[in-house]
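Each remark here refers to the structure printed beneath this line.
The values are calculated or read from the model by the stated rules, or taken from the named source; none is laboratory data. Every value quoted in this text rests on a predicted model; they were computed, and no experiment measured them. So basically every Cβ, Gly included, is an ideal-geometry build from the backbone, and we count neighbours across all protein chains shown.
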Amino acid sequence: MGSASPPPPPSPSASGAPGGPPGAPRKGLRGRRWGAPWKGLRGRWWGAPGEGGPPRGPALWGLLAPFMAAKKVEAVLLGGGALLGALSGLLLPYFFKSMGATIDNLSSGVDVGGPVKQMAAAGALNLVLQGVSCFCFEAAADRLVARQRSSYVAAVLQQQLSWFDRQDAGSLAAKLDSSLADLREGIGMKFVAIPYNLLLVVGSLAVALATSWQVTLCAAAGLLPAVAFGALLAGALRRAAAAAAAALEAAGAVAAETLGAPRTVAAFGQEGASRARYEQHIAAAEAAAARGGLFSGLGMAGLISSVFAIGAPEGLQRGPRGAPEGPQREPRGDPEGTQTGKPGGH
């Protein structure tokens, strides 16, 4: 009888580590230090295929999806809308600057004709640019959605009959309408705000720095607590809504369980326990709403206080006003309490 030959060693491709069981993690420096961190990073940001899903690209690439699917007319509409939205965002800081000059002239008695005309012209031009930009994006969204709907319907009609047996054909139309509505909303009014808000922030900072860089830096430092209180407000509202919804859902489950089988509950004598469980979940929902209201109030108070504190450096910088400069408005009539004759004369 010959001796049995020993089994061959496992191949490196069949096991993660040399000599280990199949699927064991590789214990080298490359597998421990380099493979694990980059796996999630590549899957999230650089388009590597995720686990159990299709390849995913960077999140910023989704902003260019309407331009990639657009034809000549849609590309012109999207480009024109983005350009007009950017110009509108640059024009709004000038409008605010003119409005501030108008308020200063009103308080100091200087003629307000020039700043008012500039403010009116900037506001009218901003309105026109915003309207045309919205029209361009809405028209491009309508054309893109119509073409996508036609392509989706054509793709569905080309499927085999077995595909309809495996799918929920009744909800197919609702899913199609929901997806197209999301596409329509994303390309339409929301897409206008991207260049508008971006250029608005840049233009506002440029105007503020050109006007008074000291006050601008002080106000920018005050933005940090405003952002913190705003985050507190948003987080409190979101967590309170989620906690209250979870508690109400649990209370509804208890009510459905009790009302669905009343004889079983009565047979085991669980009426009091079911009522106590229901009231416990309702009390938890009320407590979550109360905590959310408390933290929301704190966040709102801090946000308003921070906004008022941002404008404090400008008032401290101005100090007491001196003699106003520029053309003065002539007073009408004699001021009260003035004497026209000699003192003590009749």
Exercise. Checking Gly315 against (1) assigned to a helix (DSSP H, G or I); (2) at pLDDT below 85; (3) over 30 Å from Phe229 (Cβ atoms), which test does it fail?
Worked result: (3)
Exercise. Looking at Gly203, Gly222, Gly230, which is the one that is surrounded by 12 or more Cβ atoms within 10 Å (Cβ to Cβ), within 30 Å of Ala287 (Cα to Cα) and touching a residue at least 60 places away in the same chain (Cβ under 8 Å)?
Worked result: Gly230
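Limited to region 110-122, what total is found for residues that are surrounded by 15 or more Cβ atoms within 10 Å (Cβ to Cβ) and either small (Gly, Ala, Ser) or touching a strand residue (DSSP E or B) at 6+ places or on another chain (Cβ under 6 Å) (or both)? Walk me through it before giving the result.
Step one: of region 110-122, the residues surrounded by 15 or more Cβ atoms within 10 Å (Cβ to Cβ) are 110, 112, 115-116, 118-119, 122.
Add one more test, that the residue is either small (Gly, Ala, Ser) or touching a strand residue (DSSP E or B) at 6+ places or on another chain (Cβ under 6 Å) (or both), and what stays is 122.
Of the residues in that region, 1 qualify.
When the residues of region 58-77 are filtered to those that are surrounded by fewer than 19 Cβ atoms within 10 Å (Cβ to Cβ) and modelled with pLDDT of 80 or more, which remaining residue is farthest from Ala124 (Cα to Cα)?
First, pick out the residues of region 58-77 that are surrounded by fewer than 19 Cβ atoms within 10 Å (Cβ to Cβ): 58-65, 67-69, 71-73, 75-76.
The next check asks that each one be modelled with pLDDT of 80 or more; those that pass are 71-73, 75-76.
On the way: Lys71: 32, Lys72: 30, Val73: 28, Ala75: 27, Val76: 24 Å.
Ranking the qualifying residues of region 58-77, first place goes to Lys71.
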Exercise. Taking the condition without any contact (Cβ under 8 Å) to a residue 12 or more places away in the chain, part of a helix (DSSP H, G or I) and hydrophobic (A, V, I, L, M, F, W, C), does Ala101 pass?
Worked result: no
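Please pick out the residue among Gly131, Gly80 that is crowded, with 16+ Cβ neighbours inside 10 Å and at pLDDT 80 or above. Break it down stepwise before answering.
Numbers: Gly131 fails: crowded, with 16+ Cβ neighbours inside 10 Å.
Just one listed residue meets the conditions, Gly80.
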Problem set entry | Test: Val215 is in contact with an Asp or Glu (Cβ under 7 Å, 6 or more places away or on another chain), closer than 26 Å to Tyr94 by Cβ and either of a type outside the set (Phe, Trp, Tyr) or assigned to a helix (DSSP H, G or I) (or both) | yes
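Confirm whether Asn105 is within 19 Å of Leu83 (Cβ to Cβ) and either touching a strand residue (DSSP E or B) at 6+ places or on another chain (Cβ under 7 Å) or among the polar types (S, T, N, Q) (or both). Don't jump to the end; show me each part of the working.
Details: within 19 Å of Leu83 (Cβ to Cβ): no; either touching a strand residue (DSSP E or B) at 6+ places or on another chain (Cβ under 7 Å) or among the polar types (S, T, N, Q) (or both): yes.
So Asn105 fails the test.
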For this session: Could you tell me whether any residue of region 167-186 is modelled with pLDDT of 85 or more, of a type in the set (D, E, K, R) and either farther than 30 Å from Phe137 by Cβ or touching a Cys at 6+ places or on another chain (Cβ under 9 Å) (or both)?
Result: no
